[in-house]
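Notes to accompany the following structure.
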Amino acid sequence: MLGRRAAGTGILPNRLSELGETVNLAQSHIATDHTASHPALQHHFENLEQQREAGALGMWVFLATEIMFFGGMFLAYTLYRTQYPLEFASASNHLSLPLGAVNTAVLIFSSFTMALAVYSAQTGKRRAQIVYLGLTILLGLTFLGIKAIEYYDKYKDQLIPGRLIPSRPFDPHGVHLLPGANPRHVEMFYWIYFAMTGMHAIHMIIGVVVLSVIMFFAARGRYGPEYHNPVEISGLYWHFVDIIWIFLFPLLYLLGRHLEHGG
Amino acid sequence: MKAFETFETPTAARVNYINAEYGLKSWLLTKDHKRIALLYLGSISAFFFIGGLYAMFIRLELLTPQGDLLSSTTYNKVFTQHGIIMIFFFLIPSIPATLGNFLVPLMIGAKDLAFPRINLLSWYIYLLGGIITIWALLAGGIDTGWTFYVPYSSTFSNSYVVATGLGVFISGFSSILTGLNFIVTIHTMRAPGMTWFRLPLFIWAHYATSLIMILGTPVIAITILLMAFERLAHVGIFDPATGGDPVLFQHLFWFYSHPAVYIMVLPGMGVVSELIANFSRKNIFGYKFVAFSSLAIAVFGFLVWGHHLFVASQSVYAGMIFSFLSFAVAIPSAIKVFNWTATLYKASISYDTPMLYALGFIGLFTIGGMTGLFLAALAVDVHLSDTYFVVAHFHYIMVGGTLLAYLGGLHYWWPKITGRMYPEGWGRFSALVVFVGFNLTFLPQFIAGYLGMPRRYHAYPPEFQVFNVLSTAGASILGVGLVIPFIYLLWSMRYGKRAEPNPWHLPGLEWRTASPPPTENFLATPVVTWEAYEFAPPEELEVIGKFREEIEQA
């Protein structure tokens with residue numbers, strides 16, 4: 001499909017030049033017509049460029065919405081961290097730094113493979129596109145797997161806040177409290193931790209599903225140099241979800257380590 | 001009168017968006033923004049009716065000082081549900097989702113919104129949220145007040161808080177998607193020649209509204225979600241028992257819900273700008289000021305939420321800053337009012353129904369805005385907080401403002417939407433009835449509130465009865481004034497006089513296509529060569545409104 005289109009663009013201008021100078025004026029007209037009849041072009045857009053712009057802007061606007069959505073939780077985090085610094089530091093130090101750090105590396109690397117997937121789509125490399133999308137999905141699943149291990153550890157330590165799991169109420173006996181920390185406020189940290197990482201994980205799952213759909217269409221050769229905005233805007237989303245994690249990691253895992261480990 | 005040339009060809013004009021396809025499926029699966037606007041129109045009308053029923057019970061209960069008609073618990077539920085239905089399911093989607101949906105592409109010369117499928121999705125999301133909310137109301141209702149304040153909502157209330165919250169949460173996403181669609185459409189889909197400063201002011205208002213929709217709505221979404229989790233699983237982010245702070249909920253709630261007032265009134269201002277300019281047959285006075293004041297209101301609107309917390313343990317310094325900022329938001333609002341008034345000066349005004357609504361809007365919005373300044377003043381607010389003065393104030397903005405603008409806009413674009421004229425005599429009559437009924441309902445509430453009558457009680461001291469009797473009488477008149485247009489608008493869809501493409505003889509792009517428009521809006525891509533509200537002398541109109549081909553040939 002892609003090949004046929006590429007051949008078409010090659011032949012058309014050659015023929016026109018054979019017809020002589022009089023047709024030169026029409027050449028630009030045909031060029032616009034060419035994108036205006038692309039099979040991926042939706043009826044209400046004038047051309048692919050307009051459709052691409054709309055798609056990209058739409059995703060940016062959506063990401064602005066997402067920032068505000070997470071913003072409410074970041075505000076709550078900031079407020080209670082200021083109010084209960086010792087409790088937050090104690091609870092934070094109970095999280096697994098190695099697992100969190102590995103997950104951060106996994107996500108940053110997945111952003112790299114995602115960027116390569118977009119690049120391959122733009123340059124029309126179909127096989128590379130599929131490989132990089134697959135890698136990105138795999139890294140996303142790795143992240144979710146590690147996250148699940150962490151959640152399970154918290155479950156074992158009875159650190160699931162409130163009555164989220166009614167049979168296993170919150171009990172911070174396993175958390176090493178800094179002097180002066182009130183155990184009742186440790187729960188607040190864990191609820192914020194679960195709310196923020198949980199919401200992030202839901203976004204990761206959505207991302208994995210979206211990328212799987214994109215990979216399916218990429219395998220059928222839908223994306224090439226002329227039309228690749230679905231790959232691009234899914235990439236934007238994927239990077240955004242990564243960036244949320246880049247903020248979550250230091251705020252939740254690295255908080256007040258010097259207090260516990262004498263830095 | 002010289003007609004403005006149109007972008008329609010007479011031969012194909014018979015096929016329009018209404019008769020292009022038939023059958024229920026063609027409506028429920030439509031991606032046409034005009035049909036989706038009608039889907040919204042039908043559903044928000046239903047919700048308005050339900051919310052109106054609750055209002056009727058409130059006014060009947062308050063007719064007498066004793067709490068005799070409804071028990072206090074039932075009364076709590078009735079005013080809560082009135083608020084939730086009217087705000088989240090009528091006022092917020094009212095103008096943007098119906099008139100905005102219909103007109104944004106038409107006014108900028110596009111074939112549709114940028115994301116037609118997302119547009120349809122937004123209606124289904126709205127409907128899902130609405131159905132869940134209605135289910136919650138039928139199952140037992142909610143008594144927290146539309147504000148969902150914790151810890152009452154999260155811990156103590158014995159009503160359907162989570163289900164109602166879920167309904168509001170879900171319907172919020174329809175608002176986000178509508179805003180997203182508008183922003184992208186206005187940025188990327190304007191017709192050739194439709195520059196930013198040629199956009200009708202209706203578009204500027206919707207652009208500003210959309211900014212609030214996409215930036216404010218997610219905040220209330222996460223807030224309600226956290227509140228619901230707190231109720232279900234006792235994970236306390238707002239609960240003092242676990243070290244939480246209930247005032248944080250109020251901050252987060254009003255961070256959306258104050259700007260939400262501008263989601264309701266900004267589109268109304270957009271409608272009124274259209275009506276004032278077009279029925280004065282004159283370019284609007286200070287176009288750029290009116291355009292940018294919409295953006296200014298959207299920006300300032302995000303910085304004033306703290307004036308809802310003057311008596312909620314907020315620091316007095318924060319209170320002073322929020323008070324100052326609340327005064328500041330009056331500036332762009334006043335710019336609009338002064339510019340509309342200046343537009344009327346020496347204009348050839350015609351007093352058709354839409355114009356009557358627009359003039360009513362200016363007066364009532366001014367009263368609503370000025371009383372808002374009373375409430376923004378720290379010391380005065382301590383006296384007026386949670387009294388009927390507040391109730392009267394925001395009804396002047398939401399009913400006197402938004403509802404009047406909505407009705408005015410509906411009449412104004414009715415010929416474009418349905419292809420039929422509404423009966424003008426009945427229109428003017430009902431506009432007058434609405435105006436009288438509205439003022440009789442809410443003016444007495446200012447006085448009762450100033451004298452100290454608190455809101456949200458089903459019984460009150462007998463001294464206040466006279467104001468409440470007046471108010472209930474006014475509400476009955478208002479109700480009649482709203483039923484009349486409902487009947488004649490329905491009637492006109494079948495029996496009304498057929499509308500011409502441009503029945504008001506106006507230059508706007510939406511009037512240059514058939515009434516009702518074809519599915520693709522314009523049969524040729526329009527090329528805009530005129531300014532907004534350009535009522536030029538006839539000889540200059542010769543060059544207006546050529547087809548793209550003709551211009552390219554020239």
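Just so you know, all these numbers are worked out from the coordinates, no wet-lab data involved. Owing to the predicted nature of the structure, the values given are computational and were not obtained by experimental measurement. Cβ placement follows ideal geometry from the backbone for every residue including glycine, while neighbour counts extend to all protein chains displayed.
Helices in chain B that qualify as membrane-span-like (whole DSSP H runs, Cα extent of at least 15 Å along the helix axis, mean Kyte-Doolittle hydropathy of 1.6 or higher) are B:201-233. Note on the range B:61-205: Cα-only Rg and Dmax are 19.6, 64 Å. Shielding value for B:246-253 is 2, the average number of Cβ atoms from other chains within 10 Å of each residue's Cβ. For the range B:253-341, the direction-averaged projected area of the alpha-carbon convex hull comes to 5.8 nm². Residues B:Trp504, A:Trp238, ranked from the fewest to the most other C-beta atoms within 10 Å, line up as B:Trp504, A:Trp238. Helix A:2-18 and the longest principal axis of the Cα set of chain A meet at an angle near 40°. Each of A:Thr113, B:Thr98 has some number of other Cβ atoms within 10 Å of its Cβ, and from fewest to most they run A:Thr113, B:Thr98. Taking Cα atoms only, the orientation of helix A:186-219 departs from the longest principal axis of chain A by about 20 degrees.
The orientation-averaged projected area of the convex hull spanned by the Cα atoms of the range B:179-282 comes to 8.5 nm². Taking the alpha carbon gyration tensor of the range B:317-384, multiplying each eigenvalue by 5 and rooting it gives semi-axes of 32, 13, 7 Å, largest first.
Placing R0 at 41 angstrom, the Cβ-Cβ distance between B:Met370 and B:Asn19 gives a FRET efficiency of 0.30 after rounding to 0.05.
Based on C-alpha pairs under 8 angstrom that are at least 6 apart in sequence, chain B has a relative contact order of 20 percent.
Here the residues B:Thr164, B:Thr155, B:Thr343, B:Thr353, ranked from fewest to most Cβ neighbours within 10 Å of their Cβ, fall in the order B:Thr155, B:Thr343, B:Thr353, B:Thr164.
Residues whose amide H comes within less than 5 Å of that of B:Arg420, counting only those at least five positions distant or on another chain, are B:Ala499 (H built at 1.01 Å from N in the peptide plane).
Please give the peptides B:302-314, A:146-158, B:401-413, A:198-210 ranked by average Cβ packing (other Cβ atoms within 10 Å per residue), highest first, as a rough proxy for protection.
Most protected by this proxy first, the peptides run B:401-413, B:302-314, A:198-210, A:146-158.
Cross-link reach is defined here as a Cα-Cα straight distance under 16 Å, omitting same-chain residues fewer than 8 places apart; for A:Lys147 the lysines meeting it are A:Lys156. The value given for the range A:86-157 is a Kirkwood hydrodynamic radius of 13.8 Å, derived from the mean inverse Cα-Cα separation. Taking every residue in B:172-182 and counting other chain Cβ atoms within 10 Å of its Cβ, the average works out to 2. Relative protection proxy for A:231-237, B:132-138, from highest mean packing down: A:231-237, B:132-138 (other beta-carbon atoms within 10 angstrom). The label point for B:Ser315 and the one for A:Glu49, both projected 7 Å from the Cα toward the Cβ, are 5.3 nm apart.
All alpha carbon pair distances within the range B:393-544 were sorted into 10 Å bins beginning at 0; the resulting P(r) in whole percents reads 10, 28, 24, 19, 12, 6, 1. The orientation-averaged projection of the convex hull spanning the C-alpha atoms of the range A:107-263 amounts to 10.7 square nanometres.
Within straight-line reach of B:Lys111, meaning a Cα separation under 26 Å, sit the following lysines at least 8 residues removed in sequence or on another chain: B:Lys25, B:Lys31, B:Lys34, B:Lys416, B:Lys546. For the range B:438-459, backbone nitrogen atoms closer than 12 Å to the point 7 Å from B:Val466 Cα along Cα-to-C-beta are found at B:448. Per residue, the Cα convex hull of the range B:34-499 amounts to 138 Å³.
Counting Cβ atoms of other protein chains within 10 Å of each Cβ in A:49-61 and taking the mean gives 5. Rg and Dmax of the range B:306-350, based on Cα coordinates, read 17.2, 53 Å. Straight-line cross-link reach from B:Lys336 at under 23 Å between alpha-carbon atoms covers these lysines, not counting any fewer than eight positions away in the same chain: B:Lys282, B:Lys288, B:Lys346.
Taken along its three principal axes, the alpha carbon spread of the protein assembly as shown comes to 88, 86, 47 Å, from the longest extent down to the shortest. One compactness figure for chain A is 1.37, namely its Cα radius of gyration divided by 2.2 N^0.38 Å.
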